[in-house]
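The values are calculated or read from the model by the stated rules, or taken from the named source; none is laboratory data. Keep in mind that what you see is a predicted model, and the values were worked out from it rather than measured. In this analysis, Cβ positions are derived from the backbone assuming ideal geometry, glycine residues included, and neighbour counts consider all displayed protein chains.
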Ligand SMILES: Cc1ncc(COP(=O)(O)O)c(C=O)c1O
């Protein structure tokens with residue numbers, strides 16, 4: 001131990017007489033190396049801060065400005081008082097106190113989704129979460145009833161969903177990837193096969209735009225066909241859409257939720273890639289009605305109940321305020337401008353002499369197995385990392 005400074009962690013293994021826990025006595029998911037993937041990516045970015053990461057979805061840091069955080073806090077309080085008519089004491093309470101489990105920026109998020117995604121949703125069906133990652137776990141946990149319940153996902157799938165499902169003990173059946181990521185014939189076949197052996201497919205997870213890690217997306221035609229196939233198979237769709245705003249198509253395709261006339265789609269969103277990953281703000285839209293004697297309310301209230309036992313509510317000021325900021329900024333910077341902004345960011349990155357893009361040739365080819373341990377995916381966890 002050094003003469004000064006904090007004591008060092010004990011890294012030399014167990015001392016005689018101290019408690020040792022065999023790994024197999026912990027939850028079985030903890031023996032799965034894929035649960036380490038996020039840590040590996042975060043650690044790699046921490047160790048090589050100047051590398052352009054095409055692995056983790058990290059926005060371009062030159063656009064960050066600490067002063068913004070203070071401005072946005074003030075902006076949020078102004079919104080609560082001027083737009084919502086709250087008394088200053090109420091606004092102060094909203095910032096400092098325990099808050100509504102489903103979050104307090106649901107109205108702003110609903111307005112943003114209406115503008116940017118052409119999705120009209122009742123704010124009450126929005127659950128604000130600690131990043132999309134928490135939303136993935138809450139939904140997987142809520143859908144997991146017994147050992148027969150399974151989800152489906154195109155392989156390779158986003159490691160965050162695979163890990164969340166593993167923690168929730170919801171097995172994921174792999175679907176074969178097609179030219180638009182999901183192959184509908186394979187989806188229907190897999191569901192039928194699963195039912196024949198007594199399994200209960202609950203939902204199909206996918207990232208319809210710039211799928212992580214495949215990098216491809218679904219045409220509008222395939223989106224409609226997928227919804228029809230899901231209806232035929234009586235499946236829910238888990239529509240994870242963190243990258244939709246980055247589409248470089250002249251007309252962005254509608255989200256699956258925007259096309260969903262049957263309330264078959266649970267939509268998961270994030271403000272991490274588009275704004276501020278450190279704030280950890282995501283959301284789940286679950287507008288499905290629940291049936292039970294006397295009615296059982298909305299599906300959204302069940303993930304919220306699980307959340308109330310894990311993280312209670314999203315953090316303010318950072319989380320709620322940053323969401324508010326993003327929503328309001330979105331009103332000034334419509335989605336149509338984003339492809340241009342993205343190109344600008346990429347051009348800036350490419351023009352930075354300290355970060356030659358040619359260095360990318362040092363990275364392994366897609367498909368080689370040098371990514372996070374235990375993942376079935378090509379290296380990294382995303383194709384659009386770094387471009388925010
Ligand atoms: C497919 C997918 N969904 C969601 C997220 C974002 O999750 P979060 O909001 O927890 O940062 C990512 C981040 O890389 C992702 O790739």
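Determine, yes or no, whether residue 81 is in contact with a helix residue (DSSP H, G or I) (Cβ under 8 Å, 6 or more places away or on another chain), surrounded by 12 or more Cβ atoms within 10 Å (Cβ to Cβ) and in a helix (DSSP H, G or I).
yes
Please list, ordered by first then second residue, the pairs with beta carbon atoms under 6 Å, 6 or more apart or interchain, first in segment 194-220 and free of Cβ contacts under 8 Å to residues at least 40 places away in the same chain and more than 23 Å from residue 138 (Cα to Cα), second within 14 Å of the ligand (Cβ to nearest atom) and outside any loop (DSSP other than H, G, I, E, B).
If the second residue must be within 14 Å of the ligand (Cβ to nearest atom) and outside any loop (DSSP other than H, G, I, E, B), the pairs left are 216/181.
Check whether at least one residue in segment 133-142 is in contact with a helix residue (DSSP H, G or I) (Cβ under 9 Å, 6 or more places away or on another chain) and more than 16 Å from the ligand (Cβ to nearest atom), and report yes or no.
Looking for residues that are in contact with a helix residue (DSSP H, G or I) (Cβ under 9 Å, 6 or more places away or on another chain) and more than 16 Å from the ligand (Cβ to nearest atom), one finds at least one in segment 133-142, hence yes.
Output the number of residues of segment 261-281 satisfying the condition of being free of Cβ contacts under 8 Å to residues at least 60 places away in the same chain, within 11 Å of the ligand (Cβ to nearest atom) and crowded, with 22+ Cβ neighbours inside 10 Å.
Selection size over segment 261-281: 2.
When you look at residue 284, is it within 16 Å of the ligand (Cβ to nearest atom), touching a residue at least 40 places away in the same chain (Cβ under 8 Å) and buried (at least 23 other Cβ atoms within 10 Å of the Cβ), yes or no?
Answer is yes for this residue.
Based on this model, can you work out whether residue 258 counts as within 14 Å of the ligand (Cβ to nearest atom), assigned to a loop (DSSP other than H, G, I, E, B) and either within 27 Å of residue 185 (Cβ to Cβ) or in contact with a helix residue (DSSP H, G or I) (Cβ under 8 Å, 6 or more places away or on another chain) (or both)?
no
Does residue 167 satisfy the criteria of being more than 23 Å from residue 255 (Cα to Cα) and within 15 Å of the ligand (Cβ to nearest atom)? Don't jump to the end; show me each part of the working.
On the way: more than 23 Å from residue 255 (Cα to Cα): yes; within 15 Å of the ligand (Cβ to nearest atom): yes.
Yes, satisfied.
Being at pLDDT 95 or above and under 30 Å from residue 77 (Cα atoms): is that true of residue 125 here?
Spelling it out, residue 125 is indeed at pLDDT 95 or above and under 30 Å from residue 77 (Cα atoms).
Consider residue 104 carefully, then state whether it is in contact (Cβ under 8 Å) with a residue 40 or more places away in the chain, part of a helix (DSSP H, G or I) and more than 30 Å from residue 162 (Cβ to Cβ).
No, not satisfied.
Any residue that is farther than 24 Å from residue 258 by Cα and either more than 16 Å from the chain's Cα centre (by Cα) or buried (at least 20 other Cβ atoms within 10 Å of the Cβ) (or both) - is there at least one of those in segment 100-121?
Yes, that holds for at least one residue.
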